[in-house]
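All of the numbers you see were taken from the coordinates with simple rules; none came from a lab. Everything numeric here is computed off the predicted structure, so don't read it as measured data. Note that we place each Cβ from the backbone using ideal geometry, even for glycine, and neighbour counts take in every protein chain shown.
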Amino acid sequence: MKPTLLILAAGMGSRYGGLKQIEPVGPNGETIIEYSVFDAIRAGFGKVVFVIRKSFADEFKAIFDERLSGKIEVEYVYQELDKLPDGYTLPEGREKPWGTGHAILMAKDVINEPFAAINADDFYGAAAFQAIADFFKNEVSANQYGMVGYQLKNTLSDFGTVSRGVCKTDGNDNLIEITERTKIAREDSGIYFTDKDESKTSLEENEKVSMNFWGFHPTLFAHLENQFKTFLNEQIHLPKSEFYIPSVVFELIKTGEAQSKVIQADSPWFGVTYPEDKEYVVAQIQKLTEAGVYPENLW
């Protein structure tokens, strides 16, 4: 059974200022999403599932239904604030989405095979998709997941701070800890993150970080359902609380219910966190196109 690509595209791009998921960055107006799908098809994926919001579904489908028709099976699921388990009610005033864990959970009824989950606005590179495809062929199981790791120094923005999941691994490249660090930026003396009390701590350039490129067995969905209920019981009243997928995986590692391999892929990464990032992304894709990694006309 071919694996599925799950693309998390329901975010509204608050720092970017618009729907960055559909920003044109390729020579013929291609989006970053299309390069991910192109790489996934080459790596042997059989289906793509988009997690979006109903508020921009028509605009989104107008692009991808046409461009991906006949290339790969396409499905859509919707992440809405009121999509909660039975017995739970959306708190008054809640505006922030429930997070990446909730987004992935929205696909539980349409995915029954191993799947990769990625961000819509990140360019991960062909080698990363091939690496995760190889993982699906050789290693994935009901309690063995995977994550493509990137070096921190290659995941920063010149135009503002970023948040990254900083990883620790054992001697077999199994993930043993993942810590969410916010407000990461490069300064003259190195790379630093700023914590809640505004104190700065340095980070190593070659630290392995998660860019939310995960490889999962469909057993994940049962764990997501259980943990999301626990999250809601504890944090539903907090208006900015989020149910992050790295936290879900780390909890499974702590309890011994699953483990995650950190997969190294010699791939470039870039993304559009801020409007100023777009120019860099366009230039990088142009270089890859000129080098023959991608065709001038993607489809």
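Net charge dipole, the chain: roughly 260 debye, given to the nearest 20, about the Cα centre with Cβ charges of +1 for Lys and Arg and -1 for Asp and Glu. Database remark: amide H of residue 261 closer than 5 angstrom to the amide H of 145, 146, 147, 175 (H placed geometrically; neighbours at sequence offset of 5 or more, or on other chains; Pro and chain starts carry no H). Within the chain, all pairs of alpha-carbon atoms sorted by distance into 5 Å bins from zero give the percentages 1, 5, 12, 16, 19, 19, 15, 9, 4, 1, 0.
Across 190, 146, 11, mean-square fluctuation computed from a Gaussian network of the chain (C-alpha pairs under 10 Å connected) peaks at 190. For the cross-link pairs 47/287; 61/108; 47/71; 54/229, the ones whose C-alpha atoms lie over 19 Å apart are 47/287; 61/108; 54/229. For the chain, the relative contact order works out to 25 percent when only alpha carbon pairs closer than 8 Å and six or more residues apart are counted. For residue 200, a cut-off of 25 angstrom between C-alpha atoms picks up these lysines, skipping any fewer than 8 places away in its own chain: 153, 168, 183, 208, 240. Across the options 127, 226, 143, the greatest Cα extent toward the positive end of the charge dipole of the range 123-245 (unit charges at beta carbon of Lys, Arg, Asp, Glu) belongs to 226. Counted over the chain, the DSSP beta bridges are approximately 55% antiparallel.
Around the Cα centre of the range 221-272, unit charges on the Cβ atoms of Lys, Arg, Asp and Glu (plus for the first two, minus for the last two) sum to a dipole of about 40 debye. Sorted fewest first by neighbouring Cβ atoms within 10 angstrom, 299, 214, 269 come out as 299, 269, 214. The alpha-carbon atoms of the range 1-134, seen along their principal axes, cover 45, 34, 24 angstrom, with the largest extent given first. Residues whose amide H comes within less than 5 Å of that of residue 25, counting only those at least five positions distant or on another chain, are 30, 31, 32 (H built at 1.01 Å from N in the peptide plane).
Loop sites here are GluC sites (Glu not before Pro) outside DSSP states H, G, I, E and B with no more than 11 other Cβ atoms within 10 Å. The longest part of the chain free of them is 96-197.
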